[in-house]
Every structure is written in C-alpha cells, then in structure tokens.
1. Residue by residue through segment 63-68, what is 3J(HN,Hα) from phi via Karplus (6.51 cos²θ - 1.76 cosθ + 1.60, θ = phi - 60°)? Round to whole Hz and write x for glycine and proline.
2. For a quick check of your reading of the filter: which trypsin sites (Lys or Arg not before Pro) in segment 34-83 sit in a DSSP loop and have no more than 10 other Cβ atoms within 10 Å?
3. Quote the relative contact order of segment 17-85 in percent (integer), defining contacts as alpha-carbon pairs under 8 Å separated by 6+ residues.
Amino acid sequence: MVYLAAKVRNLKEQKLHNHGMPSSVIAKYYYKPERELLTIVYVSGAVYHYLDVPQAVFDAFREAYSKGNFLNKNIKPNFRYVKRD
C-alpha cells in the first residue's frame with residue numbers, strides 16, 4: 001500500500017501533460033516544477049530534458065496552439081538541454 005501511494009504521488013509530481021496533442025513533432029511532455037525540468041518525448045522516440053525552464057514558460061508552452069513552434073522559438077534557443085540515451 002505504501003509503495004502504491006508513493007507511486008501515485010510520484011506520478012502527480014511529474015505532472016504528465018499529454019492532452020492537446022497530436023503534434024507532428026512531440027509525442028508527450030512532462031514538467032517537474034520543483035526542478036524546473038521540462039522533458040520532451042519526440043515522435044522519433046528521442047527524449048530531451050530542458051533545464052531551468054520556469055513555470056511561466058512551461059505554462060505558455062502548455063497553452064500554445066503549436067507546441068512544436070513554441071518549442072523551436074522559445075525553449076530550444078533559450079534553455080540548456082540534455083539528450084537522454
């Protein structure tokens with residue numbers, strides 16, 4: 001029971017956002033506000049972690065009509081990233 005509660009809490013903390021899709025580029029995305037970490041899973045299967053993304057930028061990304069355009073114009077050129085293997 002404790003394991004299940006921890007698992008549910010972990011899922012809530014990840015704040016999975018996958019609604020408002022489809023996107024021709026982004027399969028899904030996650031945001032961890034306590035770490036300001038935006039994780040993008042691309043349709044290709046590649047996974048990138050964008051670092052130090054403020055909540056306000058994530059909120060604007062989430063509300064953007066075109067997530068791909070917002071990502072290309074506002075996140076990629078302004079935030080460091082790490083590609084996950």
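Quick note: the coordinates plus some simple rules give every number you see, no bench work behind them. Quick caveat, the model's predicted, so the values are computed rather than measured. When we count neighbours, we look across all protein chains shown, and the Cβ atoms used for this are built from the backbone with ideal geometry, even at glycine.
1. My calculation for segment 63-68 gives 8, 5, 5, 10, 5, x Hz in order.
2. ARG80
3. Reported relative contact order: 29 percent.
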